Structures are given as C-alpha cells and as structure tokens.
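Asker: Input: one structure, supplied below.
Read the figures in this text as sums done on the coordinates, not as results from a lab. Note that this is a predicted model, so its numbers are computed, not measured. For neighbour counting, all protein chains shown are included, and Cβ atoms are generated from backbone atoms with ideal geometry for every residue, glycine included.
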Amino acid sequence: MKIRIILFIDAVINLALGILLLIFTPGIIKFLGVPSADSNFYPNILGAVLFGIGIALLIEVLKKREMNTGLGLWGAISINICGGIVLGLWLIFGNLSLPLKGVIFLWVLVAILIGISLIELIISLTRQIDSN
C-alpha cells in the first residue's frame, strides 16, 4: 500500500511539472523565477514526456496487482503518445522556421512515436480480448 501512495505522489508531481512545462509562458517563467528559453519547444516536449510519465505512474497505481512490475507497456504508450502529440502540435502551430530536413526528421519522429504506440495499444487490447 505504501508503494501506491508514493507512486501516486510521484504521478501528481510529474503531471504538475508536465502541465507547467506544457504552458511554459513568460508569465510562468517570471512567477517561478526560472531561466527563459529562446523557444518553448524543448520545455513543451519535456512537459509532454513528464505528463506521460505521470499518466504511466497513475496506471501503475491503479493496477489491481500488488506486484510492482514497472511502468510496462501502458506506461510506454502514454509517454510516447504525449510526446508525439505535443511534437506534432508544435510542427503544425509552432512556426518553427526549420529547414526541410528538420521538418521531415521531426514528422518521422512523430509518426514513429504515435505509430509504435498505436501498434502496442492494438496488441495489448487484442491480448485482453483473447484472454477473456
């Protein structure tokens, strides 16, 4: 039971830090007294990953088994989906002014992150259906 409480606290911290970094604005920077960045791109990507880790930790907390098995497949799915979505949103709305090779590289990364997550999700759900 204690491990679930610790994991829950860790999840809340990761979710909160993730949200702060996802909305990384001059007002947040001034409020927190942290260094600014030339672009919110990297703080937002880190925020997405931290938010994904927070979701993964909540999944671990909510599992019915007492055995601690790590974040596992659902954790990987949540982290990759969050990172892929925020990166995709940056590419669509971020006015990044990247060279073509940078745009291609980052879109390939989005496709890999979301693609592998969707494959993992389908496999996991198929396993659950087959086991029932």
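Asker: In whole angstrom, how far apart do the alpha carbon centroids of region 34-93 and region 97-132 sit?
Answerer: That distance is 14 Å.
Asker: Express in nm, to one decimal, how much length is gained between Q128 and D10 on full extension, taking 0.36 nm for each residue of separation and deducting their alpha carbon distance.
Answerer: In short, 39.7 nm is gained.
Asker: While we're looking at this one, here's another question. Looking only at region 108-131, which residues have a backbone nitrogen under 20 Å from a spot 7 Å from the Cα of L73 in the C-beta direction?
Answerer: Under 20 Å, as judged by backbone N against the label point of L73, lie 112-131 of region 108-131.
Asker: Next question, about the same structure. Using 0.36 nm times the number of residues separating S36 and V61, minus their current alpha carbon distance, what extension gain do you get?
Answerer: 5.6 nm is the gain from fully extending S36 to V61.
Asker: Peptides 22-28, 50-56: what's the order by average Cβ count within 10 Å, highest mean first?
Answerer: Working: 22-28: 14.1, 50-56: 23.6.
Packing order, densest peptide first, comes out as 50-56, 22-28.
Asker: When a/c is below 1.5 the answer is rounded, else prolate if a/b is larger than b/c, else oblate, so apply that to region 1-41 with a ≥ b ≥ c taken from the square roots of the Cα gyration tensor eigenvalues.
Answerer: Prolate shape, in that a/c is at least 1.5 and a/b is the bigger ratio.
Asker: According to a simple spin-label model (label point 7 Å from Cα along Cα-to-Cβ), what is the distance in nm between F93 and E120?
Answerer: It is 2.5 nm.
Asker: When the helices in the chain are scored as -39500 (n - 2.57) per DSSP H run of 4 or longer and the sum is shared across all residues, what 222 nm value do you end up with, to the nearest 500 deg cm²/dmol?
Answerer: Numbers: 5 runs with 104 residues, N = 132.
My calculation for the chain gives -27500 deg cm²/dmol from helical runs alone.
Asker: Quick check of the Kirkwood formula: for region 12-61, what is the inverse mean of 1/r over all pairs of different Cα atoms, in Å? Mind showing how you got there, number by number?
Answerer: Working: mean 1/r = 0.0906 Å⁻¹.
Kirkwood radius, region 12-61: 11.0 Å.
Asker: With an 8 Å cut-off on Cα pairs and a minimum separation of 6 or more residues, tell me the relative contact order of region 5-79 in percent.
Answerer: Values: 89 pairs, mean separation 29.2, N = 75.
Once normalised by length, the contact order is 39 percent.
Asker: Another one. Check F24: other-chain or 5+ apart residues with amide H under 5 Å from its amide H, H built from backbone geometry?
Answerer: none
Asker: Moving on to the next point. Using only Cα atoms, find the angle between the long axis of helix 72-93 and the longest principal axis of the chain, and express it within 0 to 90 degrees, rounded to the nearest 10.
Answerer: The angle comes out at about 20 degrees.
Asker: A further question follows. Could you tell me whether region 1-124 comes out rounded, prolate or oblate from its Cα gyration tensor? Rule is a ≥ b ≥ c as square roots of the eigenvalues, rounded for a/c under 1.5, then prolate if a/b exceeds b/c, otherwise oblate.
Answerer: Because a/c hits 1.5 or more and a/b fails to exceed b/c, region 1-124 counts as oblate.
Asker: Another question, then. Hey, if you put +1 on the Cβ of every Lys and Arg and -1 on every Asp and Glu Cβ in the chain, which of N14, L87, I29 ends up farthest toward the positive end of that dipole?
Answerer: Value computed over the given set: N14.
Asker: Let me ask something else about it. When ranked by the protection proxy of mean other Cβ atoms within 10 Å per residue, highest first, what sequence do the peptides 92-99, 75-82 form?
Answerer: Going from most to least packed, we get 75-82, 92-99.
Asker: Still on this structure, I have one more. Which value, in Å³ per residue, describes the convex hull spanned by the Cα atoms of region 56-118?
Answerer: 81
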